[in-house]
């Protein structure tokens, strides 16, 4: 399956598919909008490779929320739960999620994934493991920016095969990507170019 087909399953524009910089508590170059945009590209590629398209809106929402409540760039086991808690005070984001295909029944899985992504390794028998594992792998692929990605820590074989793409995407966009409304549009064009090579 093509990653563009997966992207089309989230019916919102590129200018709102990732959080704007002002939505982040910590304005970071490590965990800010550019990072979330790359994680979303990895998420769409994982869904395309694995074929679990039913997870697309839920994974998009989890990616969107996963780092918005960071207070610093260091280790922070609670920032996922804080990100989830922020959603209650963001009616505009709730409306965005609804337009993008997130249904009320999806929120429990999104909460688990966002909360667990910053904690210990989830077990395959845990509820909503698949969504959590997809988020952790998509987020993990962007660890190339920190030069500490260990492919053995990725949960899906498909994710391990995506490490060269993640490296190339980061190398091609690290200094060139400007945060703001066009961030995802520019990143998506570069991801499609790399994918087509």
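Each of 119, 168, 136 was scored by other Cβ atoms within 10 Å of its Cβ. Listed from fewest to most, they are 119, 168, 136.
One chain, two ends: residue 4 and residue 150. Fully extended at 0.36 nm per residue, the span grows by 49.8 nm beyond their Cα-Cα distance.
Summary of the geometry: the stretch 127-197 and the stretch 42-62, compared by the centres of their Cα atoms, lie 13 Å apart.
Note on residue 182 and residue 15: the model spin-label points, each 7 Å out from Cα along the C-beta direction, lie 1.2 nm apart.
Across the chain, the convex hull enclosing all Cα atoms gives 108 Å³ per residue. Between the C-alpha center of the stretch 1-20 and that of the stretch 71-125 there is a gap of 18 Å. The fraction of Cα-Cα pairs per 5 angstrom bin, counted from 0 for the stretch 133-193, comes to 4, 18, 27, 23, 18, 9, 2 percent, rounded to whole percents.
Mind grabbing the base-10 log of I(q)/I(0) for the stretch 104-145 at q = 0.21, 0.27, 0.28, 0.29 Å⁻¹? Debye formula, identical points on the C-alpha positions, no solvent, two decimal places. The Debye formula, applied to the Cα set alone, gives -0.62, -0.92, -0.96, -1.01.
Counted residue by residue at 0.36 nm each, then reduced by the alpha carbon distance between them, the extension gain from residue 99 to residue 54 reaches 14.6 nm. Its DSSP H runs of at least 4 residues, each contributing -39,500 (n - 2.57), put the calculated 222 nm mean residue ellipticity of the chain at -15500 deg cm²/dmol, to the nearest 500. Cβ-to-Cβ counts within 10 Å put 177, 65, 30 in ascending order as 30, 177, 65, the fewest first.
Per-residue extension of 0.36 nm, minus the Cα-Cα distance of residue 158 and residue 76, leaves a gain of 26.8 nm for this segment. Specify whether the C-alpha gyration tensor of the stretch 74-166 places it in the rounded, prolate or oblate class, a ≥ b ≥ c being the square roots of the eigenvalues: rounded for a/c under 1.5, otherwise prolate if a/b is larger than b/c and oblate if not. Note, shape of the stretch 74-166 comes out prolate. Of 18, 144, 39, which has the largest mean-square fluctuation in a 10 Å C-alpha GNM of the chain? For the chain, modelled as a Gaussian network with Cα springs under 10 Å, the answer is 144.
Ordering 23, 169, 154 from the fewest to the most neighbouring beta carbons within 10 Å gives 23, 154, 169. Legend: calculated FRET efficiency, residue 195 to residue 88, from the Cβ-Cβ distance at R0 = 45 Å, rounded to 0.05, equals 0.80.
Values in this text are rule-based calculations from the coordinates and carry no lab data. In this text, all values refer to a predicted model and were calculated from it rather than measured experimentally. Cβ coordinates were reconstructed from backbone atoms using ideal geometry, including for glycine residues, and neighbour counts include every protein chain displayed.
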